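Colleague: I am attaching a structure below and will ask some questions about it afterwards.
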Amino acid sequence: MAGRSDRIALYGLLVLTLFRLVMAGWMPVTPDEAYYWTWSRHLQPSYLDHPPMVALWIWLGTAFFGDTAFGIRVLGPLAAAVGTVLVVKACRILMRYRGETTQQAVSLSLVAGILLNAMLAVATGTLLMTPDTPLLFFMAVFLWAAACLLYSQRPAWWLVIGLCAGLGFDSKYTMVLPVAGLGLWCLCTAARRRTLLTLWPWMGLGLTALLSLPVVWWNAHHGWASFIRQGGRTGEWHPTKAFGYFGELLGGQIGLLTPGIFLLAVMACVSAIRRRDAVDGLLLCLIGVPCLVFAQHALGDRVQPNWPVIVYPALAILVAISGLKGWKAASALGYGLSILAILQAATGLLPLNRHVDVSLRQGGGWDKFARNIATRAHGASLVLSDEYGLASELAFHLEGEPVAGAEPRWELFDFPQAGCREGWALLVHNARRSFTPGTPWGERAQPMGEVVRERGGREAERYGLYRVACPLSRVPAAWLRILPSPRSK
């Protein structure tokens, strides 16, 4: 019976993965993905916004499938499939450690995989290539290795845990939080504290540090820019705004987990706190430490809804092993909402306006918009934008035009410096925003009208076009796409 259940689940995962691969090639590339794609064209040890893993994954995908949406995203659905298998295996190992029968362990572990993929953040996140994509994969491996360590008591698993922690840190800095949670779990009992007196945990930590060294090196040589950007507001305190920030954090998790799974997760955490065995303690530490940090952050600043997704694999396992009823209805709701969100992003099925439809603002109408820009750029030496997401989208879509990003952030990238000595450049700027203070565009740019980006007759965004006379040699700008024989002189 167990083998039959596994085969059915594996076939279902295969169908789900094929669906995700098809949709990954169909859905338009978002500005953040295009931004990470520009990173992949100039690999470096780290970047301003995040560590380099997302750029490396895009580089690998586009090396095989070209500079396409599918090439950018192909590793996402594949990693999600492998990660699901590892989460199921981790859950099964933990159930066996608790003394459950083989049949019970198999059935509950499959529930963990079903719940994980029903979460809106996971279902849609596997179709987009962001730093969370490799992060969730390495978190799944981390969980599996931690479960194997608990079950087998073989200290060599600390090396696998250290490897996953280092690669996860190279994906996103929040990987330090479950690592801290694992350390807290080790401190909770005398037996596990004695483990910390052996060499193996520290060898694993040393491996983590070794893999994190390129990111630290890059920060040390760039004024710690990335560490300051991501962690500089952690200690802020704004009690008058904390209630609103907490509300946003809670609402974001209800949406990204989906309401049914969120309710099950809360119930599972309460149940685990009451039981307090080794398995529950491990999962609660891996979940609790990140959640406490995000809650603390909400005292002074907004917490982005996707930040807590690092705990979602552990939450899926915790809900599954709790044996709570209602998981089928919660999963069905999650898959329904996920399919609707994916179809909306790919087709604009529902006639929603830009204020409601995030997919319209992020992905609507880029192909047609780029063609309009190419027409308006006829005779220009290059196309410029002072907004990183817009500049990256233009670089991705305008294959026949030299494109440059023109803002100070690009000075932290090892990109070739852009400019022109004669002629003129076309500057594309978001019409809803003012020029950034300190930039020269407000004085040098001459308006040339507006272009609207739209999908199905619904406006996604509008942009102002400006003519900027060359030379631009002293303006901080970098080539995001440069032709073999660029028109700049």
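The values are calculated or read from the model by the stated rules, or taken from the named source; none is laboratory data. Bear in mind the structure is a predicted one, so any value in this text is a computation, not a measurement. No Cβ is skipped: glycine too gets one built from the backbone with ideal geometry, and neighbour counts run over all protein chains shown. Ligands, DNA and RNA are excluded from the accessible area calculation, which covers all protein heavy atoms including side chains. Shrake-Rupley method; radii C 1.70, N 1.55, O 1.52, S 1.80 Å.
Colleague: So what does Met448 come to for accessible area, using a 1.4 Å probe and Å² rounded to 10?
Modeller: 60
Colleague: Let me ask another. Quick one: angle between helix 31-40 and the longest Cα principal axis of the chain, in degrees between 0 and 90, rounded to 10, please.
Modeller: In the chain, helix 31-40 runs at an angle near 90 degrees to the longest axis.
Colleague: Under the rule of -39500 (n - 2.57) per DSSP H run of 4 or more residues, summed and divided by the residues of the chain, what mean residue ellipticity at 222 nm is obtained, to the nearest 500 deg cm²/dmol?
Modeller: Working: 22 runs with 298 residues, N = 489.
Calculated at 222 nm, the ellipticity per residue is -19500 deg cm²/dmol.
Colleague: Suppose a student asked you for the relative contact order of the chain, using Cα pairs under 8 Å spaced at least 6 residues apart; what percent would you report?
Modeller: On the way: 833 pairs, mean separation 80.3, N = 489.
This gives 16 percent for the chain.
Colleague: Could you look at the chain and say what percent of its accessible area is carbon and sulfur, using a 1.4 Å probe and all protein chains?
Modeller: Looking at the chain in its full context, I get 64 percent from C and S.
Colleague: Given axes a ≥ b ≥ c from the Cα gyration tensor, I'd like to know whether segment 184-340 is rounded (a/c under 1.5), prolate (a/b larger than b/c) or oblate.
Modeller: Values: a/c = 1.85, a/b = 1.17, b/c = 1.58.
The shape class here is oblate.
Colleague: A follow-up question, please. Are there any trypsin sites (Lys or Arg not before Pro) in segment 122-230 that are in a DSSP loop and have at most 12 other Cβ atoms within 10 Å? List them by number.
Modeller: none
Colleague: Looking only at the chain, where both bridge partners belong to it, what percent of the DSSP beta bridges are antiparallel (to the nearest 5)? Show your work: numbers first, answer last.
Modeller: Values: 20 of 27 bridges.
The antiparallel fraction comes to roughly 75 percent.
Colleague: Something else: Cβ under 14 Å from Val215's Cβ, Val215 left aside: what net charge do those residues give with Lys, Arg +1 and Asp, Glu -1? Display every interim value, and only then the final one.
Modeller: Details: positive: Lys172, Arg229; negative: Asp49, Asp170.
In short, 0.
Colleague: Can you tell me the length gained on complete extension of the stretch Ala469 to Arg275, counting 0.36 nm per residue apart and subtracting the Cα distance? Could the numbers behind the result be given before it?
Modeller: Numbers: separation 194, 0.36 × 194 = 69.84 nm, distance 7.02 nm.
Value of the extension gain: 62.8 nm.
Colleague: Which of the trypsin sites (Lys or Arg not before Pro) found in segment 322-367 are in a DSSP loop and have at most 10 neighbouring Cβ atoms, other than their own, within 10 Å?
Modeller: Here the trypsin sites (Lys or Arg not before Pro) that fit, given the DSSP loop and packing criteria, are Lys325.
Colleague: Put a dot 7 Å past each Cα toward the Cβ at Trp26 and Leu340; how far apart are the dots in nm?
Modeller: 1.8
Colleague: May I pose another question? In Å², what does the accessible area per residue of segment 218-359 work out to with a 1.4 Å probe? Write down the numbers at each step before the final one.
Modeller: On the way: 6790 Å² over 142 residues.
Value returned for segment 218-359: 48 Å² of accessible area per residue.
Colleague: In nm, give the distance between the simple-model label positions of Lys328 and Val356, each being 7 Å from the Cα along the Cα-to-Cβ direction.
Modeller: That separation, rounded to one decimal, is 3.3 nm.
Colleague: Same structure, new question: Given a Förster radius of 41 Å and the C-beta distance between Ala220 and Leu197 as r, what FRET efficiency does 1/(1 + (r/R0)^6) yield to the nearest 0.05?
Modeller: Efficiency for this residue pair is about 0.80.
Colleague: What FRET efficiency do you get for Leu187 and Arg432 if R0 is 45 Å and r is their Cβ-Cβ distance, rounded to the nearest 0.05?
Modeller: The calculated FRET efficiency here is 0.35.
Colleague: Moving on. Quick check: from the Cα gyration tensor, does segment 81-140 come out rounded (a/c under 1.5), prolate or oblate?
Modeller: Numbers: a/c = 3.76, a/b = 2.24, b/c = 1.68.
Cα axes put segment 81-140 in the prolate bin.
Colleague: Output the 0 to 90 degree angle, nearest 10, between the alpha-carbon long axis of helix 200-220 and the longest principal axis computed from the alpha carbons of the chain.
Modeller: For 200-220 against the chain, the angle is about 10 degrees.
Colleague: If you don't mind, there's one more thing I want to ask. I'd like the distance separating the alpha-carbon centroids of segment 405-483 and segment 143-174, in whole Å.
Modeller: Between the Cα centre of segment 405-483 and that of segment 143-174, the gap is 45 Å.
Colleague: When each pair of different Cα atoms in segment 375-479 is counted once in the 1/r mean, what is the Kirkwood radius in angstroms, to one decimal?
Modeller: For segment 375-479, the Kirkwood estimate is 13.9 Å.
Colleague: Any chance you could give the angle, 0 to 90 degrees and rounded to 10, that helix 278-297 forms with the longest Cα principal axis of the chain?
Modeller: With rounding to tens, the tilt is 30 degrees.
Colleague: Order Val15, Val319, most accessible first, counting only protein heavy atoms with a 1.4 angstrom probe.
Modeller: Ranked from most to least accessible, the order is Val15, Val319.
Colleague: Can you list, by residue number, the Cys in the chain that have no neighbouring cysteine C-beta under 4.7 Å?
Modeller: Cys91, Cys148, Cys164, Cys186, Cys188, Cys269, Cys285, Cys291, each lacking another Cys Cβ under 4.7 Å.
Colleague: Cys188 accessible area, nearest 10 Å², 1.4 Å probe?
Modeller: Only protein atoms counted, so the area is about 80 Å².
Colleague: Provide the gained length on full extension for the span Arg4 to Leu213, in nm with one decimal, where the gain is 0.36 nm per separating residue minus the Cα-Cα distance. Working shown, then result.
Modeller: Details: separation 209, 0.36 × 209 = 75.24 nm, distance 4.53 nm.
Gain on stretching Arg4 to Leu213: 70.7 nm.
Colleague: Moving on. Indicate the gyration tensor shape class of segment 179-268 (rounded, prolate or oblate), computed on the Cα atoms with a ≥ b ≥ c the square roots of the eigenvalues: a/c under 1.5 is rounded; otherwise a/b larger than b/c is prolate and the rest oblate.
Modeller: It comes out oblate by the Cα gyration axes.
Colleague: In whole Å, largest first, what are the principal axis extents of the Cα atoms in segment 36-145?
Modeller: On the principal axes, segment 36-145 reaches 51, 24, 23 Å in Cα extent.
Colleague: Accessible area per residue for segment 1-88 in Å², computed with a 1.4 Å probe and the full protein assembly in place, what is it? Write out the running numbers ahead of the final one.
Modeller: Numbers: 3600 Å² over 88 residues.
That works out to 41 Å² per residue.
Colleague: Right, another one. Could you list which residues have their amide H under 5 Å from that of Arg455, counting only those 5 or more apart in sequence or on another chain, with H placed in the peptide plane?
Modeller: Under 5 Å from the amide H of Arg455 lie the amide H atoms of Ala460, each far enough along the sequence or on another chain.
Colleague: Taking 0.36 nm per residue of sequence separation and subtracting the Cα-Cα distance, how much length would be gained by fully extending the chain between Asp414 and Arg458, in nm to one decimal?
Modeller: Contour length minus the Cα-Cα distance gives 12.1 nm.
Colleague: Could you check what % of the DSSP bridge pairs in segment 367-489 are antiparallel, to the nearest 5?
Modeller: 75
Colleague: Do any GluC sites (Glu not before Pro) in segment 407-489 lie in a loop, going by DSSP, with at most 13 other beta-carbon atoms within 10 Å of their beta carbon, and if so which? Display every interim value, and only then the final one.
Modeller: Values: sites: Glu411, Glu422, Glu443, Glu450, Glu454, Glu459, Glu461; in loops: Glu422.
Those that pass, being in a loop and sparsely packed, are Glu422.
Colleague: If you average over every viewing direction, what projected area does the convex hull of the Cα atoms of the chain give, in nm²?
Modeller: Quarter of the Cα hull surface area: 24.1 nm².
Colleague: Can you give me the distance in nm between label points at Phe19 and Arg229, each placed 7 Å from the Cα along the Cα-to-Cβ direction?
Modeller: 3.6
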